[in-house]
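Below: the structure, in structure tokens.
Where a number appears in this text, it was derived from the coordinates with a stated rule and is not lab data. Predicted model, so just to flag it, every value in this text is computed and none were measured. Don't worry about glycine lacking a Cβ; one is built from the backbone with ideal geometry, like all the others, and counts go over all protein chains shown.
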Amino acid sequence: MRPTFATPRVLFAFAVCALGLPASAAPAAAPAAAGLTSVVELRAWLEAHVTQPRFSGSLWSVRIDSLDTGAILFAHHADRAMAPASNSKLYAGALALDELGAEYRIVTPILATAKPDDAGVVHGEVIVSGRGDPSWKSAQRREDFWPIFAPFVTALKQAGVRRITGDLVADTTHFHAPPNGTGWMVDDLNNDYGAEISALTIENNYADARVTPAARAGEPCVVELLHPLTELTLDNRMMTVAAGAGRQLVAHRHFDENVVHLFGQLPVGGKVEIVDLTVPRPAAWFARALKEALARGGIGVGGRARSVRWPEAPAASVESVQLGEVSSPPMRELVAAFMKPSQNLETDLIFGHLGEKRRTADLPTWRTTEELAVEALREFFRRNALPAHEVRLAEGSGLSQYNLTTANATVGLLTVMAKHRAAADFLAALPVAGIDGTLRLRMKGTAAAGNVRAKTGALRHANTLSGFVTTAAGERLVFSIMLNRHSQTPPNRNAREELDDIAVRLAEYRGAR
């Protein structure tokens, strides 16, 4: 999943509008196509929409409030526990901006078992102690891989390091957690959205493979791994078929193995395909790649590149010396980077970082990073008089099948964040209908385009959309729309469109403020 961002001007314009700043700073609303003119009409349309016969086997939870008056415009089973899917990211993003602040940066220490001598030699190990920074990824992937490590090379050179006699260690023991989130499905782990969680990551912990059809039907496709040092092996079972035939590509890696089996077919003359492959033990990949980047930068490493992870013992100790550090972009950028494209790993890294900020020396080591983050979220809800009992999240990204929440709780969270000190940053992090992120292709050419700013969510039999919209009459609304267990859609229609219809109708609404 690759993020697409709106221009700063677009983001700022929406943010000031949603915060009630001068209207001249915001884009003009699109004219309403057939807006309803009273709350009675709006409620009747909404109730008719969610109670159509095709939803008889489905579950809805909907709530729509006015940010201007505080009135509840519509509620339909708003206290029903629902699978939020990636609407969970709203909770993780809000918690990060509240507890850490928009300017906060994740700092990754670079440590050593000994100071460099006068010749710049470290007689011992150098340790990168991960804290969950998700930002080490290339702008264009592949072509920009090695610049990811430039901050580490620079930090070590500034510390006077010219050579390391011992190992280069990627230490991820800061996170007390397994490499997958609680409640993830086994079949998620083969996909880029189910990449392993690690306190040290690169390229969101997946690599690219290029698959090219051969010149003649009946010949194997040509496959090439584009990222270096992953230690993945490709088992190519892809075949080239006649021009005009269908394409199919399936990648499968057995757990705890490095062999990726590629199945399927591409037609002669068909386009080249890029497939994302999750990399096991990504911290080890980080260490191998950093060792090579240091060599390219003139710093030799005599020992191995290796990694450690919880519950293994940390590589660093109280005697370790700090050689330098690498800082992430500010939290406002990190939150936008996972909210707009709905990036799971980056969300769970920020959520994990939040959890570990709460760890104290007296806590049992088996209290996991996720548990501590969930505890922080519950406290956030209590502090803000929100219904904590309606929120049952197991992890931050929304991939977990255990996550449950309600439209009530989500609207409450969004209402708090609309008045929060970080409101502009929170709003700017949300996808904009018809413009960017996961909404860039949705609601185009409607009154919602450039207006609705909301977080999407999609999981097996769960679709959600929650956020903000300004009506045709200028009233600011906050909404949460959740549809679970829905499968009966008319031809050429999907569950997302059922949610989008509501958002568009809210944008068209002409009722008096």
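If you take all other residues with their beta carbon under 10 Å from the beta carbon of Asn180, and give Lys and Arg +1 and Asp and Glu -1, the sum is -4. Ellipticity at 222 nm from helices only: DSSP H runs of n ≥ 4 in the chain, each -39500 (n - 2.57), divided by the residue count, give -8000 deg cm²/dmol.
Computed extension gain for Ala44 through Val272, at 0.36 nm per residue and net of the alpha carbon distance, reaches 77.1 nm.
Sorting Thr347, Thr415, Thr456, Thr154 from the fewest to the most surrounding beta carbons within 10 angstrom yields Thr154, Thr415, Thr456, Thr347. Counting Lys and Arg as +1 and Asp and Glu as -1 over every other residue whose Cβ lies under 9 Å from the Cβ of Gly396, the net charge comes to -2. For the pair the stretch 229-274 and the stretch 167-220, the centres of their Cα atoms are 16 angstrom apart. As a proxy for reagent exposure, ranking Leu404, Leu277 by other Cβ atoms within 10 Å from fewest up yields Leu404, Leu277.
Counting every other Cβ atom within 10 Å of each residue's Cβ, Glu224, Glu497 order from fewest to most as Glu224, Glu497. Projecting the Cα atoms of Phe55, Val275, Val121 onto the charge dipole of the chain (Cβ charges, centred on the Cα centre) puts Phe55 farthest toward the positive pole.
Here's the picture: charge each Lys and Arg Cβ at +1 and each Asp and Glu Cβ at -1 in the stretch 359-509, and of His389, Gly412, Leu506 the one pushed furthest to the positive end of that dipole is Leu506. With respect to the chain, whose longest principal axis is taken over its alpha-carbon atoms, helix 407-418 is tilted by about 70°.
Using 0.36 nm per residue and subtracting the Cα-Cα separation, the extra length available between Val259 and Ser56 on full extension is 68.6 nm. Selection among Thr464, Ile202, Ala287 by position relative to the dipole of the chain gives Thr464 as farthest towards the positive end (Cβ unit charges, Cα centre).
Helix 8-18 axis versus longest C-alpha principal axis of the chain: approximately 40°, rounded to the nearest ten. Compared with the dominant principal axis of the Cα atoms in the chain, helix 344-356 is inclined by about 80°. Here the contact order of the stretch 391-482, divided by its residue count and restricted to Cα pairs under 8 Å and six or more residues apart, works out to 21 percent.
Rg over Rh for the chain works out to 1.01, both radii taken from alpha-carbon positions and Rh defined as the Kirkwood radius.
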